[in-house]
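The values are calculated or read from the model by the stated rules, or taken from the named source; none is laboratory data. The model shown is predicted, which means the values in this text are computed figures rather than measured ones. As a convention, Cβ positions derive from the backbone with ideal geometry for all residues, glycine included, and neighbour counts pool all protein chains shown.
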Amino acid sequence: MSSAVLMVAELMAVAAKTAPKCLGQDFVDIQVVSGEQLQLLADEMEKFGKESGKTNFDRDAASVRNSDAVVFVALRENKPLGLNCGACGHDKCAGLESSEGPEFVGPLCAWRVLDVGIALGSAAKTAGLLNVDSRVMYRPAVVARKIGLVKGDIICAIPISATSKNIYFDRPEKN
């Protein structure tokens with residue numbers, strides 16, 4: 001069944017790629033990770049959680065480890081749209097200067113972030129239509145970026161799996 005789930009991952013990537021983007025400009029990158037890279041990512045997530053003291057990295061690492069693939073959706077470059085709308089917190093797009101934060105780059109053009117969100121929704125919808133379990137996650141994206149597995153100013157992850165029970169829900173929460 002794993003090959004079928006990997007095909008779904010590729011179809012999710014197509015859905016994310018063809019999702020509408022502001023001004024028709026594409027600054028969204030999609031990457032599918034599977035096999036040994038998943039195990040490396042899960043190991044690094046556990047390590048990051050222990051070293052940083054941040055919770056649930058181990059829990060989400062178990063989800064990644066038990067997945068067939070992870071689809072990453074990233075903002076390749078924070079190039080403001082040019083609307084001078086102020087949604088990023090600056091009066092003019094020219095004033096938006098991003099810098100490296102603790103996990104991602106910011107501040108970001110709100111419209112470019114929406115492009116990532118629309119691509120994520122399209123990819124997750126595709127998984128659902130094809131009866132593959134998924135969940136949009138933050139933690140795998142943080143670590144994938146830190147170890148250089150995926151590049152981007154901001155990244156989200158969608159692990160996918162096809163089992164008799166959705167492995168991404170009913171997980172224990174740590175305090």
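Of all residues in the stretch 60-97, none satisfies the criterion of being in a loop (DSSP other than H, G, I, E, B), modelled with pLDDT of 95 or more, in contact with a Leu (Cβ under 7 Å, 6 or more places away or on another chain) and of a type in the set (A, V, I, L, M). For the stretch 49-65, the set of residues classified as crowded, with 19+ Cβ neighbours inside 10 Å and either of a type in the set (Phe, Trp, Tyr) or more than 17 Å from the chain's Cα centre (by Cα) (or both) consists of GLY49, PHE57, listed by residue number.
Quick check on the stretch 98-153: of everything there that is part of a strand (DSSP E or B) and either touching a Lys or Arg at 6+ places or on another chain (Cβ under 8 Å) or among the charged types (D, E, K, R) (or both), which residue is farthest from MET7 (Cα to Cα)? For the stretch 98-153, the residue satisfying everything is GLU100. Here ALA16 clears all of (1) within 26 Å of LEU108 (Cα to Cα); (2) among the small types (Gly, Ala, Ser); (3) modelled with pLDDT under 95 except the condition numbered (3). Counting only residues that are closer than 24 Å to LYS79 by Cβ and without any contact (Cβ under 8 Å) to a residue 40 or more places away in the chain, the stretch 139-173 holds 1 of them. In this structure, ALA157 does satisfy being surrounded by 17 or more Cβ atoms within 10 Å (Cβ to Cβ) and part of a strand (DSSP E or B).
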